[in-house]
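*Asks:* Quick one: structure below, then a few questions.
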Protein chains: 2
Amino acid sequence: MAFGAVRIFRLLADGRRQISAFHLPGEVFGFELNATHRFFAEAICATGLRAFRVTADVDVSRDLLPLALGGLAKAQEHLLVLGRQSASERLAAFLLDLAERQGGLEQFDLPMSRLDIADYLGLTIETVSRTLTRFKTKGVISLPSLRRVVVRRWGPLQEMAE
Amino acid sequence: MAFGAVRIFRLLADGRRQISAFHLPGEVFGFELNATHRFFAEAICATGLRAFRVTADVDVSRDLLPLALGGLAKAQEHLLVLGRQSASERLAAFLLDLAERQGGLEQFDLPMSRLDIADYLGLTIETVSRTLTRFKTKGVISLPSLRRVVVRRWGPLQEMAE
DNA sequence: CGTTGCTTTGAGAGCTCTCAAAAGGCGTGG
DNA sequence: CCACGCCTTTTGAGAGCTCTCAAAGCAACG
């Protein structure tokens, strides 16, 4: 991806949504897509993509398999988060992940809405909002704008994420 | 796998466990294993395995990639369960999955303990037990023994699983 | 400056968890 | 064959965390 952000998600019949992954600029993806089961990919905001075709130029074992295995590892990591961590732990892990993927700086973008975050972390939008407010109150982060995060203290964040 | 059952799981520092997959007889697996992050595979009971080596005989794009992608699809399916479904929905989906993988008969084995089920579904052992009891009380299933399930009424089970 | 949609905050309910004890299964040994 | 002990499972009671419903606050936009 060149710029923007993409979400990969599934829906239940009643509309409940689970986002299984976000993809940021510089990342290659597409394996998550499975035609058979209400899987979707959507751009979150203005986004530029490059598509690749599987041709003789693509070495499956060298290029595609590592990508698929990486996606599998991330999905399993996320299973641990959804199955066994509290709201604070989920948010902390999420912020650390985003920070790392954007270069590890103390300030970074939050390209997705609160609802997207909630649907990624298996929470409600209200719980996401309340938890971010608690982080802010504790001085762990600050939010210069709705879509921008500054990490004030990495230690507590890393401890919470386990 | 020839017989038995295997669980794939991850641990948090404080001992919380998340099982990401069970593997039953007849299934090929191994891609879940990732050396870098406290990943484990364990036999649940007496189990027979066959190991394959990646040699010239194995066509990566024909054999390995579909397997990895299948694992990814299952993991993402499971993310939806852990992120967005209630205890009853999780148990119902779990029982239906087990039934299907054992031939779709109305009677099938439960090769894993209640604790394993809980750690797979992101619940506690007590909640798993209570939910199974409720299914039994409603006449949806019966449990001739601890490790054996009979589905009495498929309809309610499928509705609960969505 | 009003409208519209997203986010935050508040109050209370509900589902699952925690802690605890009873019940049930299963193998060992008498 | 029965008694005992250990481990798993079930059941009970209460607490806690997250959810639901509701309203207020904010920001972007015409």
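*Asks:* How far is it, in nm, from the label point at A:Ser113 to the one at B:Gln158 when both lie 7 Å from their Cα along the line to the Cβ?
*Replies:* That separation, rounded to one decimal, is 3.5 nm.
*Asks:* Let me ask something else about it. With +1 assigned to the C-beta of every Lys and Arg and -1 to the C-beta of every Asp and Glu, and no other charges, what is the dipole magnitude of chain B about the Cα centre in debye, to the nearest 20?
*Replies:* Here chain B has a charge dipole of around 540 debye.
*Asks:* Let me ask something additional. Taking each label point as 7 Å beyond Cα in the direction of the beta carbon, state the distances from B:Ser129 to the same residue in the other copies, shortest first, in nm.
*Replies:* 4.0
*Asks:* Cα to Cα, under 26 Å, and not fewer than 8 places away if on the same chain: which lysines meet these conditions relative to B:Lys74?
*Replies:* Partners found: A:Lys74.
*Asks:* Right, another one. Using the Kyte-Doolittle scale, find the helices of chain B whose mean hydropathy is at least 0.5 and whose Cα atoms extend 30 Å or more along the helix's long axis, counting only whole DSSP H runs.
*Replies:* none
*Asks:* Continuing with the same structure: Identify, among A:Ala87, A:Leu98, A:Ala51, the residue whose Cα sits farthest towards the positive end of the charge dipole of chain A, taking +1 on the Cβ of Lys and Arg and -1 on the Cβ of Asp and Glu, with the dipole about the Cα centre.
*Replies:* Positive-most Cα among the choices belongs to A:Ala87.
*Asks:* While we're here: Rounded to the nearest 0.05, what FRET efficiency is calculated for B:Leu12 and B:Lys74 with R0 set to 25 Å and r the Cβ-Cβ distance?
*Replies:* Taking R0 as 25 Å, the efficiency between B:Leu12 and B:Lys74 is 0.70.
*Asks:* Now, a different point. Could you tell me whether the protein assembly as shown comes out rounded, prolate or oblate from its Cα gyration tensor? Rule is a ≥ b ≥ c as square roots of the eigenvalues, rounded for a/c under 1.5, then prolate if a/b exceeds b/c, otherwise oblate.
*Replies:* oblate
*Asks:* Taking every residue in A:78-91, how many Cβ atoms of other protein chains lie within 10 Å of its Cβ, on average?
*Replies:* Mean shielding count: 6.
*Asks:* Quantify how strongly other chains surround peptide A:64-74 by giving the mean number of their Cβ atoms within 10 Å of each of its Cβ atoms.
*Replies:* 6
*Asks:* Same structure again: If Lys and Arg each add +1 and Asp and Glu each add -1, what is the summed charge of the other residues whose beta carbon sits under 9 Å from the beta carbon of A:Phe39?
*Replies:* Taking every Cβ under 9 Å from that of A:Phe39, the sum is +1.
*Asks:* Say each of B:Ala43 and B:Arg130 gets a label point 7 Å from the Cα, pointing the same way as Cα to Cβ; how far apart are those two points in nm?
*Replies:* 3.6 nm
*Asks:* How big is the dipole moment of the protein assembly as shown about its Cα centre under a simple scheme where the beta carbon of each Lys and Arg is +1, that of each Asp and Glu is -1, and everything else is neutral? Debye, nearest 20, please.
*Replies:* Around 980 debye, computed over the protein assembly as shown.
Only the coordinates and a few stated rules stand behind these numbers; no lab work does. Keep in mind it's a predicted model, so treat the numbers as computed, not measured. Neighbour counts run over all protein chains shown; Cβ positions are idealised from the backbone, glycine included.
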